[in-house]
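Visitor: A single structure is presented below for examination.
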Amino acid sequence: MKIAVAGTGYVGLVAGVCFAEKGHDVTCVDIDENKVKLMESGVSPIFEEGLEELMKKNNATGRLHYTTDYASAYKNADAIFIGVGTPEMPDGSANLSYIATVCRQIAENVEHDVLVVVKSTVPVGTNDKVEQFIKDFLVKDVKVEVASNPEFLAQGTAVRDTLHAARIIIGTESESAKAKLMEIYEPFGLPIVSVGRRSAEMIKYACNDFLALKISYMNDIANLCELVGANIEDVAKGMSYDSRIGERFLNAGIGFGGSCFPKDTKALKFLANQNGYELKTVEACVEVNKKQKLRLYEKAKDRMITFSGLRVAVLGLAFKAGTDDLREAPSAENISRLLEQGADIYAYDPAGVPRAKMQFPEGSIGRGSITYVQSPEEALEGANICFVFTEWDEIKKITPDKYKELMRTPLVYDGRNLYDLTDMDKAGVEYYSIGR
Ligand SMILES: NC(=O)c1ccc[n+]([C@@H]2O[C@H](COP(=O)([O-])OP(=O)(O)OC[C@H]3O[C@@H](n4cnc5c(N)ncnc54)[C@H](O)[C@@H]3O)[C@@H](O)[C@H]2O)c1
């Protein structure tokens, strides 16, 4: 099948590459010329395990192409997948302007019947509007159908999640759209759940918000554990044997970040309010997460007289291990506060530094400064205090003795519960984590 994919971010690029891997003829479209040049040379603009290998392999087969020329990519496509961003607006609603632009480009350029598939996460009812919008702007007399196919990959494991997805959700309103999507996914050999478009849109939000709720619930319980002398890890272990609860997403920590959970919780809350309904569970989740991100910072601020002039080691910048994405990362909010307070930050992350530099350019910022270093050891050397924000293996491997040896004052605030309390105590490290 001839497929075009609009947007080559985490979702679009991985989808495009995996479609090519499964035998389709794919053209990935992006507005960013630099990205397109990189991809043509076999370099992935994002950090995802296994992605670059698959790109190189499929570039060589001639089944995978990249372009900024959307008109030529859309005009003869059998299916066009939309994977552009739907970021958060100031009021919490989803910004659909990128989707609207792509729809207009599709409407003005398609030359034969086409299935448009919305992969981006969009509020319930958006697919209906997309179909109407495209029809309103159609130039040629062709049949355009719209289907919903929400994406469930997790950054860091995106390729694996796509090739071995637990299920594919397809939301369609006609047998022909359903048949075409089934045909596209047939070579993946995965379970397909076929529902109506609005249910498909809702499944995506319901899943993300449920997982976000699970995280916020565990963080809430962890904070209470601290107050009553229980240990969240023991509590989570005890809970995990209950198959109704399951063992995943029970780790307490510094709160969720990334490009999905924060915006998708707010967008569902907005959608509920718009429909006159108060989604109290999700509202609580958003509130808990907001506070959780700064929990260690507040504790540390309480412990220190000031951060001004202190050498602060920051271990981990990405919102989670396995990605270079910093969107809504707990590290970013903490770094902003530390800089405001005049801290001199030495930050380490094995993948996130280039993106971090766009947000916090190296050198003096306000009253403080930030320096990016090549190893956790360099960050820790002579530090007065250390914050751990990401659970990278390189950071997990640091021994308690190393903290003691390298830091000027071994004071560690760990947002990922990476180390054993007794080991840290034995090594003489003053150690604070979450819920223990
Ligand atoms: N990142 C994830 O883990 C994830 C998982 C599931 C679903 N989603 C959803 O998928 C969507 C995309 O997320 P992402 O993280 O891949 O976004 P992203 O920001 O990484 O990528 C979006 C890409 O679209 C490009 N773009 C913008 N306008 C364009 C246009 N008119 N034509 C072609 N390209 C255009 C941008 O240049 C960018 O490369 C969002 O709705 C998101 O909520 C994301």
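Visitor: Looking at the square roots a ≥ b ≥ c of the eigenvalues of the Cα gyration tensor of region 1-118, which shape do they give, rounded for a/c under 1.5, prolate if a/b is larger than b/c, or oblate?
Guide: oblate
Visitor: Continuing with the same structure: With θ set to phi - 60°, apply the Karplus curve 6.51 cos²θ - 1.76 cosθ + 1.60 along region 250-264 and write out the HN-Hα couplings as whole Hz, x wherever there is a Gly or Pro.
Guide: For region 250-264, the Karplus curve yields 10, 7, 6, x, 8, x, 8, x, x, 8, 10, 3, x, 6, 6 Hz.
Visitor: So if I place +1 on the C-beta of Lys and Arg and -1 on the C-beta of Asp and Glu, and nothing else carries charge, what would the dipole magnitude of region 332-436 be about its Cα centre? I want it in debye, nearest 20.
Guide: 220
Visitor: Shifting gears a bit: Top to bottom by accessible area (1.4 Å), largest first, where do 288, 14 land?
Guide: 288, 14
Visitor: Between region 187-224 and region 341-380, how far is it from one alpha carbon centroid to the other, in angstrom?
Guide: Computed from Cα coordinates, the inter-centre distance equals 34 Å.
Visitor: Moving on. Please calculate how many Å² of accessible area region 301-350 carries per residue, with a 1.4 Å probe and no DNA, RNA or ligand atoms counted.
Guide: Roughly 35 Å² per residue, with all protein chains present.
Visitor: Follow-up. How would you classify region 43-193 from its alpha-carbon gyration tensor, with a ≥ b ≥ c the square roots of the eigenvalues: rounded for a/c under 1.5, else prolate if a/b is greater than b/c, otherwise oblate?
Guide: Here region 43-193 falls in the rounded category.
Visitor: Assign one of three labels to region 241-313, namely rounded, prolate or oblate, based on the Cα gyration tensor with a ≥ b ≥ c the square roots of its eigenvalues; rounded applies when a/c is under 1.5, prolate when it is not and a/b is larger than b/c, and oblate otherwise.
Guide: oblate
Visitor: Treating the angle as unsigned and between 0 and 90°, give the value, to the nearest 10°, between the Cα long axis of helix 175-185 and the longest Cα principal axis of the chain.
Guide: Between the helix axis and the principal axis of the chain, the angle is about 50 degrees.
Visitor: Just reorder 133, 307 by solvent-accessible area, largest first, 1.4 Å probe, all chains present.
Guide: Highest to lowest solvent-accessible surface, that is 133, 307.
Visitor: Quick one: 3J(HN,Hα) in Hz for region 97-109, Karplus 6.51/-1.76/1.60 with θ = phi - 60°, rounded, Gly and Pro as x.
Guide: Karplus-based 3J(HN,Hα) across region 97-109 equals 5, 5, 4, 4, 4, 4, 4, 5, 5, 5, 4, 7, 10 Hz.
Visitor: With everything on Cα atoms, drop me the angle between helix 280-292 and the longest principal axis of the chain, reported from 0 to 90° to the nearest 10.
Guide: 50
Visitor: In region 94-133, what percent of the accessible surface is made up of carbon and sulfur (1.4 Å probe, ligands and nucleic acids excluded)?
Guide: 48
Visitor: Heads up, I need the accessible area for residue 164: 1.4 angstrom probe, whole protein in place, Å², nearest 10.
Guide: 130
Visitor: Hey, another quick one. Apply the Karplus parameterisation 6.51 cos²θ - 1.76 cosθ + 1.60, with θ equal to phi minus 60°, to every residue of region 121-137 and state each ³J(HN,Hα) to the nearest whole Hz, in sequence, with x for glycine and proline.
Guide: Running phi through 6.51 cos²θ - 1.76 cosθ + 1.60 with θ = phi - 60° gives 7, 10, x, 4, x, 5, 4, 4, 5, 4, 4, 5, 4, 5, 4, 4, 9 Hz.
Visitor: Additional query: Which value in deg cm²/dmol, rounded to the nearest 500, describes the helix-derived mean residue ellipticity at 222 nm for the chain, given -39,500 (n - 2.57) per DSSP H run of n ≥ 4 and division by the residue count?
Guide: For the chain, the value works out to -13500 deg cm²/dmol.
Visitor: Where the centre of each part is set by its Cα atoms, how far does region 251-321 sit from region 98-133, in angstrom?
Guide: Region 251-321 and region 98-133 have Cα centres separated by 33 Å.
Visitor: Normalised by the number of residues in the chain, what is the relative contact order in percent for Cα pairs under 8 Å and 6+ residues apart?
Guide: Over the chain, the number comes to 12 percent.
Visitor: Now, a different point. Can you tell me what the convex hull of the Cα atoms of the chain projects to on average, as an area in nm²?
Guide: For the chain, the mean projected area of the Cα convex hull comes to 21.9 nm².
Visitor: Any idea of residue 46's accessible area? Nearest 10 Å², probe 1.4 Å.
Guide: 10
Visitor: Over region 264-399, with every protein chain in place, what whole percent of the accessible area is carbon and sulfur at 1.4 Å, could you tell me?
Guide: Using a 1.4 Å probe with all protein chains present, region 264-399 comes out at 48 percent carbon and sulfur.
Visitor: A further question on this structure: Taking H as built 1.01 Å from N, whose amide H comes closer than 5 Å to the amide H of residue 82, not counting residues under 5 places away?
Guide: Residues meeting the amide H criterion: 6, 117, 118, 119, 120.
Visitor: Using mean Cβ contacts within 10 Å as the protection proxy, how do 424-434, 408-418, 259-269 order, highest first?
Guide: So the order, starting with the most tightly packed, is 259-269, 408-418, 424-434.
Visitor: Could you pull out every one of the lysines with an alpha carbon less than 23 Å from that of residue 301, ignoring same-chain neighbours closer than 8 positions?
Guide: 290, 291, 293, 404
Visitor: Right, something else. Highest mean first, how do 215-222, 234-241, 355-362 rank when packing is the count of other Cβ atoms within 10 Å averaged over residues?
Guide: Ranked from most to least packed, the peptides come out as 215-222, 355-362, 234-241.
Visitor: Another question, if that's okay. For the chain, find the longest principal axis of its Cα atoms and tell me its angle to the long axis of helix 51-61, 0 to 90°, nearest 10.
Guide: 30
Visitor: Counting only heavy atoms of protein chains, what accessible area per residue, in Å², does region 1-155 have with a probe of 1.4 Å?
Guide: I get 40 Å² per residue for this part.
Visitor: How high is the relative contact order of region 312-436, in percent, with contacts defined as C-alpha pairs under 8 Å that are six or more residues apart?
Guide: Result for region 312-436 is 25 percent.
The values are calculated or read from the model by the stated rules, or taken from the named source; none is laboratory data. Remember, predicted model here, so these are calculated numbers, not experimental data. Cβ coordinates were reconstructed from backbone atoms using ideal geometry, including for glycine residues, and neighbour counts include every protein chain displayed. What goes into the accessible areas is simple: the full protein's heavy atoms, side chains included, and nothing from ligands, DNA or RNA. Shrake-Rupley method; radii C 1.70, N 1.55, O 1.52, S 1.80 Å.
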